[in-house]
Amino acid sequence: MTMVRNRIRSTYQRRILDWLADGGGTVTEVSNALGLRIPHASAALKQLRNSGDVVRDDHNIRGSRYRLTSQGLSRFESDGLARLTELVYWPPPPGAAGIVLARDGSMLLLGYASQPAGPLLGLPERPMDEESGVIENSTGNRGDSMSWRWAVQRGDGPIWWDLETQRRAEAPTETSPMTLTAWMERPKVMGIVRARILEDSIPWPLGVGSWFTSLPDGHWPVLPQVLRDGDAAIGRAGNSGPQVRPRGGIHARLGRRIDRSQIANTASNNALTIIDGDLLSKPLTPLPKEILRHWLEIIHPRLGKKSIIERYTRLLADIKSSASNALTRRVLNDFPGRKWTNSLDDFIDTRFISRIGGESVLRFALDISEKPIVFDCRWPLNEILIKQFTSDSRCRIIICESAETGLPFVLTSLEGKGKFDLEMPGRLHLPISVSSEIPIPNDWAAPKSPLQLERGDMSKVDDANSELGAIWQATRLKHGDSAWADRHEKNYPLASWIATPVSEHAARWRRIGGSLSPKWANLADLTTFDEEELCDLALVEDEALSILIDRIRDNPLNIISSDKSHPAIATVILLSQEWFEETIDVNEAWLSQPLRLGEVLRKNWNNHNISLLVTACPFHSLLLEDKKLNREDILAIMEDVHYSLWIEKSASWLTTCLASTMGRNALSMLNLPWPAILYQQNISSEDVTLVHHMPDGIGKTSLLDVLDGILAAEQGKPPALGRTHPLAGWLFQKHVPMVPIENADDPDIHLALHRRFQQ
């Protein structure tokens, strides 16, 4: 739809709408930010609220916050479009990048004829000559850094408009036409950008309606003094601009390990860095002994300085002699596995230490350090102590996720590799780029299976020159990177597989699956694999066989074209005979590599081909032959053959095994659902009383439920709560109570209870 072009006539209202577009605020905040008297700000906000352009949080009228509505945003955008159409006469001057549409101090509204370089904008100190296209500069030095200054984009970027139709448009694709004709014939599209000048102490001389050129390639204006005279660089402005050295402490509100590692690495130069050493890939180092004195002051807050010194001296002696007492054990609890030293380096490793240990370290640093301090606060420390640290001039950076620290700069992470946002007072945001070359942490180990894989959140990572480095980089990718996986496929196939996007798993596996352990196939969505791939995987991965079974059962005609000589296809057929109209002889194929042996034999137990199939398992063969069995044979069958095939013999077999010490020992180790097996058999408590003589084990637990259930039935009383299943004993009663559908206990016993209840 076409945007209605209406300029906002009230300066106060326009300024307030512009400010609220960056976030909500109170009347006082609006007044302070825009330099308005409170009555004027309040009156303007009231008018905007009445017109529906802003809303007020009425939970607390005093100090309530105002927010921009969608109507208010549309009205502000309409104002920008109106100014654009009033000021721009097409075409723009040759070489022009943009035009000043409106300004209020450091707050700017700019119209761009081509896509700006990014959120960090270079603006000239002088307007361009609209006829010659040259910047008017009295010094004649066009490249002088002082003739340019930085502005930062506010909001999500340019809103592009077609000047003829007054409709939203796409950004122009041709940013720098090579000929005057091309320039004249370009689409009448311009973008509106809300921006703010970083250095607002010096007036910017360009007025409304002034055209300006783009910043020359490789040219970087000087940053404001507050961003360049700090004692440490934290990154570069924009993507590759000048280094940013903030003057004042920084609250790095970061949670991800990789972000904390990057910032700590960047900011640790000539500072005392207090952080988990794994994040900096440093070996475990001893801690300064003096930390223990501060630790004693925390755990004994009422002791005087003299008493603390005495205890501290004794504690050091006890630690040196490896004495064990209440105090040294408490040290081990707060500083597990740590050694102690008299020296202090520029790094204190907080690995493994407790919250009290972390507080002791910070107190020690504030007491002794002459250098700036970088502190990774991963504990909820004492608020008074945190305030003491953040108000100290030595506080360079505190890394923590707490809401407020009172520091002038707040650093948060953005989407993308090494991208951060530096928030300054006055809602001013500066994009920061930090080198993302992160070393492999000391505590990191390559995953040995898909279950151990922990992915990062990167979209791009660097290439690798070793197998461990390649796997490390691959695991840092959130959704994979096809091009990266292609480059590393030959030398580092596992890393390539981990880095492969889900949509490309099947194709990648066809190429390199033979170089990987089959278990890594579980990283993929196996349902996307074709039948041939599933067959090969099914030989070593049961999930692939399950998918193959479901696929063929869904369309049984597929069996016609399937390779029936493959053991996986043979297994599918033997488990799915009822899905096919004709019997298919695949015995020899299955016997070449028997899969799901127990399930296949149980499924085909009463079929004519069972005699051939049981040759794959001697214990199934013993059972089928129905010969007189000794105790060892019985126990082997119990362990190897599903109980449903020998359930009718279970009572006599159990009695035989319980009669000997060897049999009782073996039964104690067999995981069988004995209540579900025996409840239909003619068995008494005397037959299983020897259960008490079994050693403890999973088998004894199950048989105790049987004994308790039989005794309760014989005595005519309700059974006790079962061990394998709360209702296990009820299987031996005449009636079974209602059984819950949900179950977290033995599934076979639970199913037997449901069957009894429905009888």
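The values are calculated or read from the model by the stated rules, or taken from the named source; none is laboratory data. Note that the structure is predicted; figures quoted are calculated from it, not measured. Every residue, glycine among them, receives a Cβ derived from its backbone with ideal geometry; neighbour counts consider all protein chains shown.
Taken over the range 184-201, the criterion of being closer than 22 Å to Gly426 by Cα, touching a residue at least 40 places away in the same chain (Cβ under 8 Å) and part of a loop (DSSP other than H, G, I, E, B) is satisfied by Leu198, Glu199, Asp200. Going by the conditions given, is Leu704 buried (at least 17 other Cβ atoms within 10 Å of the Cβ), without any contact (Cβ under 8 Å) to a residue 24 or more places away in the chain, within 53 Å of the chain's Cα centre (by Cα) and over 20 Å from Phe757 (Cα atoms)? So Leu704 fits the description; yes.
Checked against the criterion of being modelled with pLDDT of 90 or more, surrounded by 15 or more Cβ atoms within 10 Å (Cβ to Cβ) and farther than 16 Å from Arg756 by Cα, the range 727-737 has no qualifying residue.
Failed condition for Ala233, given (1) among the hydrophobic types (A, V, I, L, M, F, W, C); (2) closer than 30 Å to Ala82 by Cβ; (3) at pLDDT below 90, with all others met? Unmet condition: (2).
Considering every residue within the range 433-450, establish whether at least one is surrounded by fewer than 20 Cβ atoms within 10 Å (Cβ to Cβ) and more than 24 Å from the chain's Cα centre (by Cα). Looking for residues that are surrounded by fewer than 20 Cβ atoms within 10 Å (Cβ to Cβ) and more than 24 Å from the chain's Cα centre (by Cα), one finds none in the range 433-450, hence no.
Residues considered: Ile677, Ile647, Ile698, Ile710. Of these, the only one that is within 30 Å of Val614 (Cβ to Cβ) and surrounded by 17 or more Cβ atoms within 10 Å (Cβ to Cβ) is Ile677.
Check the range 170-183 and report whether any residue there is modelled with pLDDT of 85 or more, crowded, with 17+ Cβ neighbours inside 10 Å, assigned by TED's automatic domain parsing to the domain that holds Gly98 and on the phi < 0 side of the Ramachandran plot. For the range 170-183, residues modelled with pLDDT of 85 or more, crowded, with 17+ Cβ neighbours inside 10 Å, assigned by TED's automatic domain parsing to the domain that holds Gly98 and on the phi < 0 side of the Ramachandran plot: absent. Within the range 77-110, the only residue that satisfies the criterion of being in contact with a Lys or Arg (Cβ under 7 Å, 6 or more places away or on another chain), in a loop (DSSP other than H, G, I, E, B) and surrounded by 17 or more Cβ atoms within 10 Å (Cβ to Cβ) is Ser106.
Which one of these does Trp379 not meet: (1) farther than 21 Å from Leu254 by Cβ; (2) of a type in the set (Phe, Trp, Tyr); (3) surrounded by fewer than 17 Cβ atoms within 10 Å (Cβ to Cβ)? In the conditions (1) farther than 21 Å from Leu254 by Cβ; (2) of a type in the set (Phe, Trp, Tyr); (3) surrounded by fewer than 17 Cβ atoms within 10 Å (Cβ to Cβ), Trp379 misses (1) alone. Right, Ala33: at pLDDT below 85, surrounded by 15 or more Cβ atoms within 10 Å (Cβ to Cβ), among the hydrophobic types (A, V, I, L, M, F, W, C) and under 25 Å from Met424 (Cβ atoms) or not? It is true that Ala33 is at pLDDT below 85, surrounded by 15 or more Cβ atoms within 10 Å (Cβ to Cβ), among the hydrophobic types (A, V, I, L, M, F, W, C) and under 25 Å from Met424 (Cβ atoms).
Being of a type outside the set (Phe, Trp, Tyr), closer than 17 Å to His294 by Cβ and within 32 Å of the chain's Cα centre (by Cα) is a property that Asn382 has.
Here Phe420, Phe389, Phe364, Phe375 are screened, and the one residue that is within 15 Å of Ala233 (Cα to Cα), in the same structural domain as Thr273 (by TED's automatic domain parsing) and among the aromatic types (Phe, Trp, Tyr) is Phe420. Here the strands (runs of 3 or more DSSP E) wholly within the range 386-497 that include at least 1 residues being within 20 Å of Asp278 (Cβ to Cβ) and of a type in the set (A, V, I, L, M, F, W, C) are 395-399.
Taken residue by residue, the range 684-694 has at least one member that is assigned to a loop (DSSP other than H, G, I, E, B), of a type in the set (S, T, N, Q) and surrounded by fewer than 19 Cβ atoms within 10 Å (Cβ to Cβ). Residues that are of a type in the set (Gly, Ala, Ser) and either touching a strand residue (DSSP E or B) at 6+ places or on another chain (Cβ under 7 Å) or more than 27 Å from Ala713 (Cα to Cα) (or both) occur in the range 665-681; there is at least one.
Scoring Leu279 on the criteria (1) more than 15 Å from Ile432 (Cα to Cα); (2) part of a strand (DSSP E or B); (3) in contact with a Ser or Thr (Cβ under 8 Å, 6 or more places away or on another chain) leaves a single failure, condition (2).
Across the range 234-259, the qualifying residues are those that are within 18 Å of the chain's Cα centre (by Cα) and surrounded by fewer than 21 Cβ atoms within 10 Å (Cβ to Cβ), and the one among them that is farthest from Ile440 (Cα to Cα) is Arg253. For the range 516-571, the set of residues classified as more than 19 Å from Lys603 (Cα to Cα), surrounded by fewer than 18 Cβ atoms within 10 Å (Cβ to Cβ) and polar (S, T, N, Q) consists of Ser517, Asn522, Thr527, Thr528, Asn555, Asn558, Ser561, Ser565, listed by residue number.
Taking the range 309-357 as the range and being touching a residue at least 60 places away in the same chain (Cβ under 8 Å) and outside any loop (DSSP other than H, G, I, E, B) as the test, the residues that pass are Phe347, Ile348, Asp349, Ile356, Gly357.
Does Leu120 satisfy the criteria of being crowded, with 22+ Cβ neighbours inside 10 Å and either polar (S, T, N, Q) or closer than 16 Å to Ser210 by Cα (or both)? No.
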